[in-house]
Amino acid sequence: MPAHPRGPSLAGTGLELPSPLARLRRETSALLDRLAPTAFLGPAVLIVLLFSLFPLVLSLYISLVQLQFVPGGFHLSVVGLRNYLTLLVGSDRQEFLGALARPSPAGWAVLAGELALLLLWLGRAAQARVGPRGLLGRGAVAVLLGAAGWLLVHTLAPGGRPGSLVVTLVYVGAGVSVQYLLGLGLALLCAQSLPGRRFFRVVFLLPMMITPVGVAYLFRMLTDTSKGPFYPLWKLLGLSNFSWVNDPWGARIAVLIGDTWQWTPFIFIVLLAALESLPQEPVEAAVVDGASGWQVFRSITLPGILPVSSTVILIRMIEAFKIVDLPNVLTSGGPGTATESLTLHAYVIWRALDIGGSAAIAYLLLLVVTILAVAYVQLVHRRALEAAS
Amino acid sequence: MTDLRPRKRRGPGHVLARGASYVALSAWAFLVLFPLYWLLVTSLKEPIDVYSGPFYVPFVDFHPTLSAWRYIFVDLRNDTLRPYANTVVVALTSTGITLLLGATAAYGLARFSYRPRLGGVLMFLAAVVVALVAGSLDVPWPAAVAGATGLFLLGRASAGRRIPVALGNDDIAFWMISQRILPPVAVVIPVYVLFQRLHLLDTRTALVATYVATNLPLVVWLMRDYFRSLPVELEECAAVDGASRYRIFWSIVLPSSLPGLVATFLFALVFAWNEYLFALFLTSARAQTLPLTIAAQNATRGPQWWYMSVLILIMIVPVIAMAIVLERYIARGLLVGAVKG
């Protein structure tokens, strides 16, 4: 494309004859332009690839071995899939999957409803002539969601106890949805032309700036029922001797509050930027036509920020699956293992020198999140992009 | 700027709505600021004041002291300042590199069309794995690299051709973000071994390399959405005038996407500034960063809340200052790209 010679213009100086130097220069620039796609993307791909491939391969290998101490050092013996089986059906099943109990009738009803919805969804996909790859992918997603539903209903039933997998799913599901709704609400409020909104914007960003370990210790101070700042409140409620961090659901909610406090700002600022960049003409036209505030939001604002919402939810979901500092510092995973997330579970048995089991947890996490993320991108993200264009 | 509320309805309803907005905003601001206030108050307390129950206002219900601050800055002195300097150097360097590489890659993904063949990619991966295995079996590395290269070329020419499926830009982008899925706990041993082999343990270089690699996907993902929103016409004009792609990127695309760059810079900086687990394993003394210093205040006698509060406060002050300076750019920038698809 760049056929024009560069540099000081030679036109009109009597030197238009293509000198060898000019030709060389032209050819170099043509070559450089042909190489541009590689030059732009190459370095980043190479760095991510080199940095991720070695750990990926090595930790897959580690997940298949067991560390044994022998006189004079240690020995790695290959045990095949035993680390995975220990988690899924063996001695670590209680901690990983949880203790199962017979669900209540309501639990059965929820499960039946979920399965019916999944079947309906698959049936509609089959009718809509989705290709074989799409059907296979949807089938895998349906099986995964069905299994997750079965596990949730069985471990959250009275008498059951959720394992680190279920607890992580609760953190991700509850945490990300609450954070999204709060972030959206705050972004909508801050997008109005209110005096003083710059103050609120900077303030709302602050929690994200603190190191997660710091946030965890901060919330340990705040949740202390006898020396923390909310002591009068606990006393008023007659709970001053009660440590809500000793109650399984209380502890999980404490972790969720900390997570929400820290990460709502991320969603807030991304959505705010999206709101600010929406074109104003459609809104004004709708108002002239007599649309209500809700109608404007529902049919103009919301579709406009849908793609950004989808991206930010995907990123938050991936990050939320790795939650570790808050439960580790705030509750040490306790009471018992009630607040243990998958990453914390991996960390705990890693500290107990079961590095094979730890890597196996990480790989199961990788499997679950990859399937969820692929499904999310294919089924939700793509549609959100289409809806906006 | 954006006024989501219809302008015409100014009246009692409007005043009421505005009041409600302020109430909601102030409520959240209180929820954000109170924990930070508690940090400040705790940093001014003697241990006895912390342990004898909640005291809220200095000079009113407890006597403030600067002893925790003095301990951190005078007694610890170099044990605070060295990690501080490390944090600043590591975070700024890694974020700068990440932003440069990430923005170029994101621009590539937004403007060019890549069609890598699945067969070639698989062959490349197989060759790298062979090289790694050979390397770990004490084959000299030039031989391993040469062998793997030969294998790759041979494989691509034969078996690679049989898999004609081509990947697209979306697949590359998804592969990138999927590199953030594996939790650091699983990656940390291999990374430790990697840097041990390279004799880079306990250096800032190791941390910078780690943070660049782990934050690149995030930057690529955010910046790609942003670049896609820029009008192509301006770049096409420049290309007709004979500007090279590099020139267009450097003097047209980057300046006009300053808001997005600034916001992404802030995100990447926050992640590198606060990272804990990699720093814990890759550093021991010389290259330690501040999050480790904070966690180290959890002594055998229980957490030293007053020291911790000081450290958390001095750690967020620079980032807050940066956020205040950069906020005006963020507001009009980040991620608008995805709006237009």
Looking only at aspartates and glutamates whose Cα falls under 19 Å of A:Lys322's and that sit 8 or more positions away or on another chain, we get A:Glu95, A:Asp259, A:Glu340, B:Glu275
Taking Cα atoms only, helix A:355-376 is inclined relative to the longest principal axis of chain A by an angle, in degrees rounded to 10, of 60 degrees
Surrounding charge for B:Pro184, neighbours by C-beta under 13 angstrom, Lys/Arg +1, Asp/Glu -1, total -1
Rounded to the nearest 10 degrees, the helix A:342-351 long axis (Cα) sits at an angle to the longest Cα principal axis of chain A of 70 degrees
Relative contact order in percent for chain B (Cα pairs under 8 Å, 6+ apart) equals 26 percent
Mean Cβ-within-10 Å packing, highest first, puts peptides B:273-280, A:321-328 in the order A:321-328, B:273-280
Residues whose modelled amide H sits under 5 Å from the amide H of B:Phe62, counting only those 5 or more places away in sequence or on another chain, are B:Val57
Residues meeting the amide H criterion for A:Leu67 (H placed from the backbone, H to H distance under 5 Å, 5 or more places apart or on another chain) are A:Ile355, A:Gly356
A correct Karplus calculation of ³J(HN,Hα) over the range A:121-132, with 6.51 cos²θ - 1.76 cosθ + 1.60, θ = phi - 60°, whole Hz and x for Gly and Pro, returns 5, 5, x, 5, 5, 5, 5, 7, 6, 6, x, x
For peptide A:263-272, the mean count of other chain Cβ atoms within 10 Å per residue Cβ is 3
Hits in the range A:212-235: amide N under 13 Å from the 7 Å Cα→Cβ extension of B:Phe34, namely A:222-224, A:228-234
So, over other residues within a Cβ distance under 13 Å of A:Ala187, counting Lys, Arg +1 and Asp, Glu -1, the net charge is +1
Inter-chain shielding metric for B:115-122, i.e. average beta-carbon neighbours from other chains within 10 angstrom, reads 0
One finds, for B:Thr203 and A:Ile253 with R0 = 45 angstrom and r their Cβ-Cβ distance, a FRET efficiency to the nearest 0.05 of 0.60
Between the modelled labels at B:Ala17 and B:Leu167 (7 Å from Cα along Cα→Cβ) the distance in nm is 4.8 nm
For B:Asn298, the residues 5 or more places away or on another chain with a placed amide H closer than 5 Å to its own amide H are B:Gln304
A correct Karplus calculation of ³J(HN,Hα) over the range A:181-192, with 6.51 cos²θ - 1.76 cosθ + 1.60, θ = phi - 60°, whole Hz and x for Gly and Pro, returns 5, 4, x, 5, x, 5, 5, 4, 5, 6, 7, 6
For the protein assembly as shown, the dipole about the Cα centre with charges only on Cβ (Lys and Arg +1, Asp and Glu -1), to the nearest 20 debye, works out at 1020 debye
Using alpha-carbon positions, the gyration tensor of the protein assembly as shown gives root eigenvalues a ≥ b ≥ c; with a/c under 1.5 called rounded, otherwise prolate if a/b exceeds b/c, else oblate, the class is rounded
Per the helix-only model, the protein assembly as shown has a calculated mean residue ellipticity at 222 nm (DSSP H runs of ≥4, -39500 (n - 2.57) each, divided over all residues, rounded to the nearest 500) of -22000 deg cm²/dmol
Over the Cα atoms of the range B:72-158 the radius of gyration and the largest Cα-Cα distance (Dmax), both in Å, equal 21.7, 68
The aspartates and glutamates whose Cα lies under 18 Å from the Cα of B:Lys45, excluding any fewer than 8 residues away in the same chain, are A:Asp224, B:Asp61, B:Asp75
Relative contact order in percent for chain A (Cα pairs under 8 Å, 6+ apart) equals 20 percent
Neighbour-count ranking for B:Leu151, B:Leu99 (other C-beta within 10 angstrom, fewest to most) reads B:Leu151, B:Leu99
Measuring from the longest principal axis of the C-alpha atoms of chain A, the long axis of helix A:248-276 (C-alpha) lies at a number of degrees, nearest 10, equal to 20 degrees
Given the candidates B:Pro303, B:Ala285, B:Gln179, the one whose Cα lies deepest towards the positive end of the charge dipole of chain B, counting +1 at each Lys or Arg C-beta and -1 at each Asp or Glu C-beta, is B:Gln179
Calc'd 3J(HN,Hα), the range A:106-111, phi into Karplus 6.51 cos²θ - 1.76 cosθ + 1.60 (θ = phi - 60°), Hz, glycine/Pro = x, comes to 4, x, 4, 5, 4, 4
Taking the dipole of the range A:159-297 about the Cα centre (Lys, Arg +1; Asp, Glu -1; charges at Cβ), the one of A:Ser177, A:Leu189, A:Val270 that reaches farthest to the positive side is A:Ser177
Here the whole-number average of other chain Cβ atoms within 10 Å per Cβ of B:292-298 is 3
Mean Cβ-within-10 Å packing, highest first, puts peptides A:129-135, A:338-344 in the order A:338-344, A:129-135
For A:Val374 and B:Ile324, extending 7 Å from Cα along the Cα-Cβ vector and measuring point to point gives, in nm, a value of 4.9 nm
Exposure proxy check on A:Arg351, B:Arg162: fewest-to-most Cβ neighbours within 10 Å is B:Arg162, A:Arg351
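Each value in this text was obtained by applying a stated rule to the coordinates, not by laboratory testing. The structure displayed is predicted, hence computed values, not measured ones. Using ideal geometry, Cβ is built from the backbone for each residue, glycine included, and neighbour counts are taken over all protein chains shown.
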